[in-house]
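Participant: Please find one structure pasted underneath; my questions will follow.
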Amino acid sequence: MDLTTIYAPIQDELSRLHAQLEQELVAEDPFVSELVRHVLGTRGKMIRPALVCLAAQAGGGAGEARLWLAEAVELIHIASLIHDDIIDQSEVRRGVATVNVQWGNQIAVLLGDYLFAKAFDLLSRIRHPDVAPTLAAATVKMSQAEIMQIKYGQEPHDDESVYFQIIAGKTAHLFSAACRAGGLVAGNPAAAERLGTFGLQWGMAFQITDDALDLTSREDTLGKPIYSDVQSGTITLPVIRALREATPDDRARLTSLLAGPAGDGRMEEVRGLLHRYRAIDYALDVAGRYSRQAGEALSFLPPSPAKDSLLALTEFVVVRSH
């Protein structure tokens, strides 16, 4: 099942969201407007705002608040990507030059700050007392995880717990907050807690699969340069698995390849070692377990098209790797 089919129950809401985002970010200064058009033009699959809308529908529906929430979640995500591109010195995102490449790091930092500020301006309009704290807590975890990744995640290691803590903070908690807050604005606190669990488990599956795709996909499919994790020194689950299972000689060789400069044949040799120890298959198996746990968290929800779409996402998240 593709995303167009999965998004069918909320397609009208997502269409409104596109227009409202542009309207919310209109600025008096033409340069700021140019920057905004640039980042809105490189949006991806809109998964986070889609989760907000699906969670709200599955929880019983919501008014205008769900769109403010969906916009805020997407802006938090876009802002974090802009800052990530600075840290990673990325040049391209979804086939378009990154803000830091086109306008420099200073502008990129400030644009990210502007989008974060706008996100919390949107959240301030939602009268539910737990919505803004839910998103704020997820944003704090994102920042902490990015710091942790720089400190621990770029040294070759075989500690899965460090990796899981990092991806939970930088990715899964925002998915969880999007789903939980969707349930909250729907006026269904019991559903909100289970939807939050769904989002956390699904987010773990999403990031693990994304890390595997970095090693197996094509650049035009992934929307960003492949092997970017290896090139930047980021240690992901397939690498951790290979380092844990490898012979001493292979472990030493893989560690050397990860630390060495990019060159002809380097990535092919890394991939060869990962395949020797079924490291990518292992990572996808772990992602599958998280995905199944996400589906189980929805068992209490009554039948609805939105619930069907959420369940379909548990298949989509791992199927996209094949």
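The values are calculated or read from the model by the stated rules, or taken from the named source; none is laboratory data. No experiment lies behind these values; they were computed from the predicted model shown. Glycine also receives a Cβ, built like all others from the backbone with ideal geometry; neighbour counts cover every protein chain displayed.
Participant: Looking only at the range 25-36, count every residue that is at pLDDT 90 or above and either among the charged types (D, E, K, R) or loosely packed, with under 10 Cβ neighbours inside 10 Å (or both) and tell me the total.
Facilitator: 3
Participant: Return a yes/no flag: does the range 169-187 have any residue that is touching a Cys at 6+ places or on another chain (Cβ under 9 Å), in contact (Cβ under 8 Å) with a residue 60 or more places away in the chain and either surrounded by 24 or more Cβ atoms within 10 Å (Cβ to Cβ) or closer than 18 Å to Ile76 by Cβ (or both).
Facilitator: Among the residues of the range 169-187, at least one is touching a Cys at 6+ places or on another chain (Cβ under 9 Å), in contact (Cβ under 8 Å) with a residue 60 or more places away in the chain and either surrounded by 24 or more Cβ atoms within 10 Å (Cβ to Cβ) or closer than 18 Å to Ile76 by Cβ (or both), which makes the answer yes.
Participant: Looking only at residues in the range 234-277 that are of a type in the set (Lys, Arg) and over 27 Å from the mean Cα position of the chain (by Cα), which one is nearest to Met204 (Cα to Cα)?
Facilitator: The qualifying residue nearest to Met204 (Cα to Cα) is Arg276.
Participant: Residue check: is Asp308 of a type in the set (Asp, Glu), closer than 15 Å to Ala212 by Cα and part of a helix (DSSP H, G or I)?
Facilitator: In short, no.
Participant: Could you check the range 270-283 and list, in sequence order, the residues that are assigned to a helix (DSSP H, G or I) and either in contact with a Pro (Cβ under 8 Å, 6 or more places away or on another chain) or surrounded by 15 or more Cβ atoms within 10 Å (Cβ to Cβ) (or both)?
Facilitator: Val270, Arg271, Leu273, Leu274, His275, Ala279, Ile280, Tyr282, Ala283
Participant: Sticking with this one: Residue check: is Val26 among the β-branched types (Val, Ile, Thr) and not in a helix (DSSP H, G or I)?
Facilitator: Values: among the β-branched types (Val, Ile, Thr): yes; not in a helix (DSSP H, G or I): yes.
Taking the combined requirement at face value, the residue satisfies it.
Participant: Taking the conditions exactly as written (in contact with a helix residue (DSSP H, G or I) (Cβ under 7 Å, 6 or more places away or on another chain) and farther than 27 Å from Pro302 by Cα), does Leu35 satisfy them or not? So that I can check it myself, show each step before the final result.
Facilitator: Working: in contact with a helix residue (DSSP H, G or I) (Cβ under 7 Å, 6 or more places away or on another chain): yes; farther than 27 Å from Pro302 by Cα: yes.
Considered against the rule, which asks whether it is in contact with a helix residue (DSSP H, G or I) (Cβ under 7 Å, 6 or more places away or on another chain) and farther than 27 Å from Pro302 by Cα, Leu35 comes out as yes.
Participant: Now for a separate question. Is one or more of the residues making up the range 65-85 surrounded by 14 or more Cβ atoms within 10 Å (Cβ to Cβ) and touching a strand residue (DSSP E or B) at 6+ places or on another chain (Cβ under 8 Å)?
Facilitator: yes
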